[in-house]
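What follows is a set of notes on a single structure, which appears directly below.
The values are calculated or read from the model by the stated rules, or taken from the named source; none is laboratory data. All figures in this text were calculated on a predicted structure; none of them were measured in a lab. Here the Cβ positions follow ideal geometry from the backbone for every residue, glycine too, while neighbour counts run over all protein chains shown.
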Amino acid sequence: MVEITDAQIDAALERGKLALETEPRAATARYDRQLDRVIVDLTNGCTFAFPPRIAQGLEAASADQLAEVEILGLGYGLHWEGLDVDLSLPGLMAGILGTKAYMARRAGQATSQAKAAAARANGAKGGRPRKTA
């Protein structure tokens, strides 16, 4: 068993205090129907916004449902009670819009000129080769 000392506890409390003072956290959150964006005003004076259609659990939500956004705890998360959706603000700001599986599916949906050209070239050759057992 690992012993935890008073000095370690004090250091952890100090790190927590520093994090609350410096890390961006939500001060307010709202859904803007005109822009179709969830807008989060941060405690550091900055504003972060994202389109709800790209976040897991919000893809098919109505404007009324999106407007019911709440801030979790100390401002590190967003919550939609009626949708049973919780999203991490640090994760959203880092571009993590859902679980690993959700993000992998979204990456496969990405389109670009290069991807479209490769698909056309592959189609001209008869399409994707069949998998063999």
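Within segment 101-122, none of the residues are at positive phi and either in contact (Cβ under 8 Å) with a residue 24 or more places away in the chain or outside any helix (DSSP H, G or I) (or both). Number of residues in segment 50-94 that are within 21 Å of Ala19 (Cβ to Cβ), out of contact with any strand residue (DSSP E or B) (no Cβ under 6 Å at 6 or more places or on another chain) and small (Gly, Ala, Ser): the value is 3.
Is it the case, given these coordinates, that Ala29 is among the aliphatic types (A, V, I, L, M) and part of a loop (DSSP other than H, G, I, E, B)? So Ala29 does not fit the description; no.
Residues in segment 43-59 that are surrounded by fewer than 16 Cβ atoms within 10 Å (Cβ to Cβ) and out of contact with any Leu (no Cβ under 6 Å at 6 or more places or on another chain) were compared, and the one that is nearest to Ala94 (Cα to Cα) is Ala49. Among the residues of segment 81-114, those identified as surrounded by fewer than 10 Cβ atoms within 10 Å (Cβ to Cβ) and either at pLDDT below 75 or within 12 Å of Gln56 (Cβ to Cβ) (or both) are Asp84, Lys100, Ala101, Ala107, Gly108, Gln109, Ala110, Thr111, Ser112.
Scanning segment 35-42 for residues that are surrounded by 14 or more Cβ atoms within 10 Å (Cβ to Cβ), in a strand (DSSP E or B) and acidic (Asp, Glu) turns up at least one hit.
Which one is modelled with the highest pLDDT, of the residues in segment 60-73 that are surrounded by fewer than 13 Cβ atoms within 10 Å (Cβ to Cβ) and in a loop (DSSP other than H, G, I, E, B)? Once the filter is applied, the top-ranked residue is Ser62.
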